[in-house]
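First up is the structure itself, then whatever we jot down about it.
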């Protein structure tokens, strides 16, 4: 009989143990994979958008870049320039340049690398034609001609990223420049007072490179700029200065040619 009582007592113990077992204890062990691991619902949330997250990273970096520009960048600069303007081709042979050329410009900085601006420049040149030509069949030809070149322009500058280059290059602020230009050309016939002045306009474009060396960071600089201009002058193919007889000296078959200019500037920035 004693074994029966022992068996009944053991059954009662198991029953009451299961009865008072905490409900969550059943989930503490996985019979197949071992102990269960608690996982937050946020860890199972797959509703995130990788594109949105990437966009937020870009916006954050842009904000930092803007803050750096507002703190260390330039907003505007005003340039006063003097330099040389010379021509290539037949126009370069015909013209004697009277230096210096003068210029001014105003620059607006979008950020550390991009800038836009407006400006104007002036240069004077002379041409001597002392033999008869098709347009001036006089013993002394057209004589001395004074040519004034005035141009206004809009330009775009791209400052090169020099953060990974040497200190000297970084402080020189190198940039590439592209310009859209309008040239006004006025020719005055000094020795032919009866001949009226000739004036014409032309559209052109220019490409070049420049450097800006700081005198005082963000406030003043010395700039150097080299440009190659292509201008569609109205008198490029004129026959006025062509010799009366082929092979005869003293004239020019045409006035074709492009322009090279170099300017040294004092730059004030704020």
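The values are calculated or read from the model by the stated rules, or taken from the named source; none is laboratory data. Quick caveat, the model's predicted, so the values are computed rather than measured. In this analysis, Cβ positions are derived from the backbone assuming ideal geometry, glycine residues included, and neighbour counts consider all displayed protein chains.
The single condition among (1) modelled with pLDDT under 55; (2) surrounded by 10 or more Cβ atoms within 10 Å (Cβ to Cβ); (3) part of a helix (DSSP H, G or I) that residue 26 does not meet is (2). Return yes when residue 65 is more than 20 Å from the chain's Cα centre (by Cα) and either without any contact (Cβ under 8 Å) to a residue 40 or more places away in the chain or not in a strand (DSSP E or B) (or both) and no when it is not. Taking the combined requirement at face value, the residue does not satisfy it. Only residues that are part of a loop (DSSP other than H, G, I, E, B) and under 40 Å from the mean Cα position of the chain (by Cα) were counted across segment 240-270, and they come to 8. Scan segment 237-263 for residues that are at negative phi and touching a helix residue (DSSP H, G or I) at 6+ places or on another chain (Cβ under 8 Å) and jot them down. Passing the criteria: 241, 252, 253, 254, 255, 256, 258.
Any idea which residue in segment 96-114 is nearest to the chain's Cα centre (by Cα), counting only those that are within 16 Å of residue 155 (Cα to Cα) and surrounded by 16 or more Cβ atoms within 10 Å (Cβ to Cβ)?
Going through the qualifying residues, I end up with 109.
Checking each residue in segment 221-233 for being surrounded by 14 or more Cβ atoms within 10 Å (Cβ to Cβ) and either in a strand (DSSP E or B) or free of Cβ contacts under 8 Å to residues at least 40 places away in the same chain (or both) picks out 221, 223, 224, 225, 226, 227, 228, 229, 231.
Quickly run through segment 181-200 and pick out the residues that are assigned to a strand (DSSP E or B) and closer than 23 Å to residue 129 by Cα. Within segment 181-200, 184, 185, 186, 187, 188, 189, 198, 199, 200 meet the criteria. Scanning segment 136-150 for residues that are in contact (Cβ under 8 Å) with a residue 60 or more places away in the chain and either surrounded by fewer than 17 Cβ atoms within 10 Å (Cβ to Cβ) or not in a loop (DSSP other than H, G, I, E, B) (or both) returns 137, 149.
Going by what's in this entry, would residue 237 be described as modelled with pLDDT under 95 and either under 30 Å from residue 142 (Cα atoms) or exposed (fewer than 13 other Cβ atoms within 10 Å of the Cβ) (or both)? Spelling it out, it is not the case that residue 237 is modelled with pLDDT under 95 and either under 30 Å from residue 142 (Cα atoms) or exposed (fewer than 13 other Cβ atoms within 10 Å of the Cβ) (or both).
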